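Here, each number is a calculation from the coordinates, and none is a lab measurement. Source: prediction; values computed, not measured. No Cβ is skipped: glycine too gets one built from the backbone with ideal geometry, and neighbour counts run over all protein chains shown.
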Amino acid sequence: MNRLSEFMLPPAKSTLAGETDALFHFINVTSLIILTGITIAIIVFAWKYRRRSEDDVTPVITHNSTLEITWSVIPLILVMIVFGWGFSGYMNLTTAPDDAYEIRVVGKSWLWEFHYETGAVSVNELHVPVDRPVKLVMTSDDVLHSLYIPDYRVKMDVLPNRYTSLWFEATETSESIIFCSEYCGTQHSNMDAKVIVHSQDEFDEWLESGDEIDEDMPPAERGEALVVRNGCNACHSDDGSRLVGPSFQGLWMSDVTLEDGEVVTADENYIRESIIDPNAKITEGYDAVMPSYQGVISDRGIDDIIEYIKTLE
Ligand SMILES: [Cu+2]
């Protein structure tokens, strides 16, 4: 079973993965056996009962009860096994244990935000403790997204205006990738994140200091780290090239023409507003697709990002 998994599937790193894989292999292997059997039978019978002479006549056979019962009952049993097995797996997947640790998830075009009980927020990095059930309560800020962690064999749609949830229990301290698996616009393919599994102690420590990027770093460097951590660089380049949004290079104190023709200077206040309330002023030639970072990036963090943008002359 493990060999099969390694050959066909990503590593299994959650408590639910084993059962899901076992059912997958059962269906796969059974289908393969049946396919082989039927193919061999077709070939053998085609050969055995081939027409040998001009006056060969096919006997008239109306039915064969034994055969018909056999080929109905065996598949019925197989289907019932798959159904029962699948149903118990489904119940397991959908009912989180009562003591599950809850984390709120917000999907936005095109990033993932994770909100923890302590008020800590992380973007595109989900931090969880190992060997402990974790329940994600998810919603979307805009369109349909879907959170998919292949290593854990879990996936759930994320919808605007309602909550969905999924749970898992990570079995090892490692990193796994998270995908958005519901097409959500031009940067859908970049809407990935990772889940970072810590030991309980490490996780508690992370929660305490989570949002703090190293204090000793110079502000501009912290700003750059924040730009990466918050996924800004998916839409903004630092080298003048145009992505979904305008490049940060040369932005500082430049004249920005807005959608309505007004020209503003890209000073502290403009940049700050662009981060907190991006749709207040839309830059000419771009779509209003930037998510708001209100409540995600602290005032201090915004200062750091401004310092970073200043360095990109
Ligand atoms: Cu998405």
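Can you tell me how the stretch 219-311 classifies by the Cα gyration tensor, rounded, prolate or oblate, using a/c under 1.5 as the rounded cut? In terms of gyration-tensor shape, rounded. Magnitude of the charge dipole for the stretch 163-313, about its Cα centre and with charges confined to Cβ atoms of Lys, Arg (+1) and Asp, Glu (-1), is about 640 debye. A simple rule links phi to the HN-Hα coupling: the Karplus curve 6.51 cos²θ - 1.76 cosθ + 1.60 with θ = phi - 60°, which for the stretch 102-110 gives 9, 10, 8, 10, 10, x, 9, 6, 9 Hz, with x for Gly and Pro. Taking a straight line from the alpha carbon of residue 108, these lysines sit under 29 Å away, with near neighbours fewer than eight places off in the same chain left out: 13, 135, 155, 194, 281, 310.
Listed by Cβ neighbour count within 10 Å, with the fewest neighbours leading, 43, 306, 178 appear as 43, 306, 178.
Treating each Cα of the stretch 145-203 as one equal point scatterer and applying the Debye formula with no solvent, the log10 of I(q)/I(0) at q = 0.23 Å⁻¹ comes out as -0.97. Along the axis of the charge dipole computed for the stretch 219-311 (Cβ charges of +1 for Lys and Arg, -1 for Asp and Glu, origin at the Cα centre), the listed residues 257, 294, 269 are led at the positive end by 294.
Charge dipole (Cα centre; +1 on Lys/Arg Cβ, -1 on Asp/Glu Cβ; no other charges) of the stretch 1-106 amounts to roughly 400 debye. Taking a ≥ b ≥ c as the square roots of the eigenvalues of the alpha-carbon gyration tensor, the stretch 101-209 is classed prolate because a/c is 1.5 or more and a/b outweighs b/c. Normalised by the number of residues in the stretch 101-209, the mean separation of alpha-carbon contacts (under 8 Å, six or more apart) gives a relative contact order of 30 percent. Extent of the chain along its three principal axes (Cα atoms, max minus min coordinate, largest first): 95, 51, 34 Å.
Build a GNM of the chain with springs between Cα atoms under 10 Å: which of 28, 64, 279 gets the top mean-square fluctuation? Of 28, 64, 279, the Gaussian network model singles out 64 as fluctuating most.
When Rg and the Kirkwood radius Rh are both evaluated on Cα atoms of the stretch 149-258, their ratio Rg/Rh stands at 1.03. Under the convention that each Lys and Arg Cβ holds +1 and each Asp and Glu Cβ holds -1, the size of the dipole of the chain around its Cα centre is about 2560 debye. Largest GNM mean-square fluctuation across 167, 206, 110, computed for the chain with C-alpha springs under 10 Å, falls on 206. Only bridges whose two residues both fall in the chain count here: according to DSSP, what percent of them are antiparallel, nearest 5? If I count the DSSP bridges inside the chain, around 70 percent turn out antiparallel. Cα centroids of the stretch 97-135 and the stretch 193-264: 20 Å apart.
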